[in-house]
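What follows is a short report on a single structure.
Bear in mind these aren't lab numbers, they're just calculated from the coordinates by the rules spelled out. Nothing here was measured: the structure is a model prediction, and the numbers come from that model.
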Amino acid sequence: APTTEVRVVYRYVRMAAGDTPTRFAARYRLSVDHLRRLNGLNTARLIVPGRKLLVPSRVPVPIPPRPVRAPVSFKRLSPLNVPVRIANVDLRHRDTLVAPVLASPRAAFGSGARVSQLARNSGAKVVINGSYFHPQTYAPAGDIVMQGRMLTWGRIPMALAITPDNRATIRASTTPLLLRPLDTTWAGMETVVATGPRILSGGQLITRYSAAFRDPALFGRAARSAIGLISNRDLVLVSTHMKLTTTEMGRVMARLGIRDALLLDGGSSTGIAWNGQAALDSVRKVSYGIGVFTDYTGRRYAR
């Protein structure tokens, strides 16, 4: 259609029972050897039914609107007399990527790092701390999808979800309802970060939160980080070391023109970095951050 373009997007597909390597590879316009190398397999004998394999797909997506600003801009403001650091991300740029930044990419989760270290190691233009995690194991408490693969899942009911062509939304997860993820959970998404509670919806302040958030410390005064959307192409990352309640942080986000917002982890986890340097560093090590990469030319993925 005139309003769409075709992108090559990579995804993991489970090989069906009765399928053969030749038939499966041909379905995605690949040779068996190309399929083997794409998946890092030493031999084609490992291409067997039941295995999930990385394959390319030609996917029609909406042509993005023309960018209205730089891919990422960073500023200091004081809405409602609260000093905040703000990163505005223009997702209209095709080569902008928003993705989790892990402390140890080799081991996924299991160790932590301060926000300043995540920024230095990742090369991301901006890094903000992520959502909640276990203080000893660093395991995240909610769904995390990175490069189209579901790394963890949990009971947090809402998430920021971004497609490989950079359309962002805040939507509910089915994982807490089903008590487990399905192959269709977050289908089509490249990046997912489950976090919360939701503090803005459609520009309206929310003060009643999901029962999943039971920790009384969450609702007291603390340093705060949050992530929000002005539109599905305008992402905003906000962090402050001023101690605020959840409601006060919602009012700050609304004053910034944000329509939908979720809290990230707060307190000693709060931090944001710009150009590899911490603007507000986290006091403690965090499980992961959320990074914004510009000039990204690698593969794009979908779950």
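Figures for the structure shown
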item	result
Per-residue ³J(HN,Hα) for segment 227-238, Karplus 6.51 cos²θ - 1.76 cosθ + 1.60, θ = phi - 60°, Hz, x for Gly and Pro	10, x, 10, 8, 8, 6, 10, 10, 9, 10, 10, 10
Computed helical MRE - 222 nm, the chain, DSSP H runs ≥ 4 contributing -39500 (n - 2.57), nearest 500	-3000 deg cm²/dmol
Amide H within-cut-off set for LEU53, under 5 Å, with H built and near neighbours excluded	VAL13, ARG14, MET15
D (Stokes-Einstein, µm²/s), Kirkwood Cα radius, the chain, 0.890 mPa s at 25 °C	123
Degrees between helix 246-255 axis and first principal axis of the chain (Cα, 0 to 90, nearest 10)	80
Eligible lysines near LYS243 by straight Cα distance, threshold 20 Å, same-chain separation 8 or greater	LYS75, LYS285
Under 5 Å, built H, 5+ apart or other chain: amide partners of ASP143	GLY154, ILE156, ALA194
Calculated from backbone phi, Karplus (6.51, -1.76, 1.60) coupling profile of segment 68-75 in Hz, x at Gly/Pro	10, 7, 4, x, 9, 10, 10, 8
Principal axis dimensions, segment 4-62 - Cα atoms, whole angstrom, descending	39, 22, 16
Calculated from backbone phi, Karplus (6.51, -1.76, 1.60) coupling profile of segment 142-158 in Hz, x at Gly/Pro	x, 5, 10, 10, 9, 6, x, 10, 7, 8, 8, 8, x, 9, 6, x, 10
Mean Cα-pair separation over length for the chain, i.e. relative contact order, pairs under 8 Å, 6 or more apart, %	24
